[in-house]
Amino acid sequence: MAVREALLDLDRTRPGVGERLTGALRDAITQRRIPPGTRLPSSRDLAADLGLSRGLVVTAYEQLVAEGRLLSRRGSGTVVAAAVAASDGGGREVPGPVPPVVAPLRPGVPDLGMFPRAAWRRAYEKALATALDTDLDYTDPAGAPRLRAELAGYLGRVRAARVDPDGLVVTTGAAQALSLLGRVLAARGMVEVGVEDPGSAGIRDHLRAHGLRLRPVPVDDRGLVVSALGGVRAVFVTPAHQFPIGVVLAPERRAALIDWARRTGGLIIEDDYDAEFRYDREPVGCLQGLAPDLVALVGSASKALAPGLRRGWLVPPPAWLAGVRQAKCDADMGGSALEQLAFAEFLAGGGFDRHLRRARRVQRARRDALVEALRRHLPQVRVSGIAAGLHLVAELPDGVDDRALADRAHAAGLGPLALSDLRLGTTGPPGLVLGYAARSPDELAAAVATLARLM
């Protein structure tokens, strides 16, 4: 009861609710409003109580476990640690936060230890040394011109996008790109958006936070079922590597989706979230390259480099550019010029390409290790979505409760997502979404062995 009472004032209407949830729990633990030894509700129960996605609660619990404020024990759930309460006058101090740890099998996170610190430092130092005085003024709201030019060239070369530098907007990650689009969609009265089902719970939460209504659109082995779009005027898709299933949007579906947008005046929001990681097939060009007047291309460096870099981009259709630019100006007047110039230097000097070549080799080996561990320890599961990206899907036998299994895995310190938690209106077999990017092959094998014991 103490946990729910401590979160009564949590603001769930604005973006960033995950961070506010983590902060509210941290403050309540530190101030002993949630006493030491208190057993917290399961992530599923607390998410249901708060009306949030379970993924946000899982992330908050993981962060506080990493800080030492919570303890997660197999069979005992998650409890408040005894040593983190605030000072009670006896001279005890609250320990400082511990660097966060990415739980094994958690999807959506790259290997943060692979961030190319030396190459980035060189790029930053060169950008700082060569920056003009005028570069340090308020920048163009759409971003530093040099970075927009470098990104336009990169997207054309790697993703077959059709991008004019003046038509690209630099953002603080994909989250801001969606915020900008959400504002313009609402201003145009296009408040109902189709979303892939199953799909990203985090994306759904972000769209809802901007006042948009969601219509689930089923996904099959050929991608989004375009015929099920109904009367929506905008749709969010991950055509190069559908999250979480991992399928590629089939050619006839791509053509049908573009035809739908042209007939209805609709907007296709294309999330190119992990386009750089391809292993067993050739890269698939982005939809935007086929219909730049109908597709808003969203991308970021979060999976390729690190989420904390907060570097992303948005290429809206020309008719949407003015609204997006104004929304960007209202949001932050363009962002950090030096960070943008450093990223431009990193791209221009080949640092990004070199890092990606190394990262692909490492991630392919980790994917292979995870697939082999699943074959050895869980031969009854069906593995899919392995040709690209940083995660795969392990389809479980009928009758297995994937949510309950995910809860047990989280209590054991693992981070898989239950496939059922990523569905809005469709049904399907139980499964787990397993990430492999952030841990070594040996750690992945050990995690799968633990998962097998839990199942």
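The values are calculated or read from the model by the stated rules, or taken from the named source; none is laboratory data. None of the values given here were measured: they were computed from a predicted structure. Cβ atoms come from the backbone with ideal geometry, glycine included; neighbour counts cover every protein chain shown. Areas reflect the complete protein model, heavy atoms only, side chains present, ligands, DNA and RNA absent. Shrake-Rupley method; radii C 1.70, N 1.55, O 1.52, S 1.80 Å.
Between M333 and E443, full extension at 0.36 nm per residue minus the direct alpha carbon distance yields a gain of 35.3 nm.
Over all directions, what mean area does the Cα convex hull of the chain project, stated in square nanometres?
Numbers: hull surface 89.3 nm².
Here the figure is 22.3 nm², rounded to one decimal.
What distance in nm separates the simple spin-label points at A452 and V225, each placed 7 Å from Cα in the Cβ direction? Inter-label distance under the simple model: 3.6 nm. Counting only protein heavy atoms and a 1.4 Å probe, the chain has 42 square angstrom of accessible area per residue.
Share of carbon and sulfur in the accessible area of the stretch 238-348 stands at 58%, probe radius 1.4 Å. Note on the stretch 380-455 and the stretch 207-236: Cα centroid distance 25 Å, given to the nearest whole angstrom.
Given the chain, what percent of its DSSP beta bridges are antiparallel, to the nearest 5?
On the way: 25 of 42 bridges.
Taking every DSSP beta bridge with both residues in the chain, the antiparallel ones total about 60 percent.
Figure legend: label point modelled 7 angstrom from the Cα of A187 along Cα→Cβ; residues of the stretch 253-293 with amide N under 17 Å from it are 267. Restricting attention to the stretch 269-393, close to 65% of DSSP beta bridges with both partner residues there are antiparallel.
With a simple spin-label model that places each label point 7 Å from the Cα along the Cα-to-Cβ direction, the separation between D137 and T30 comes to 4.1 nm.
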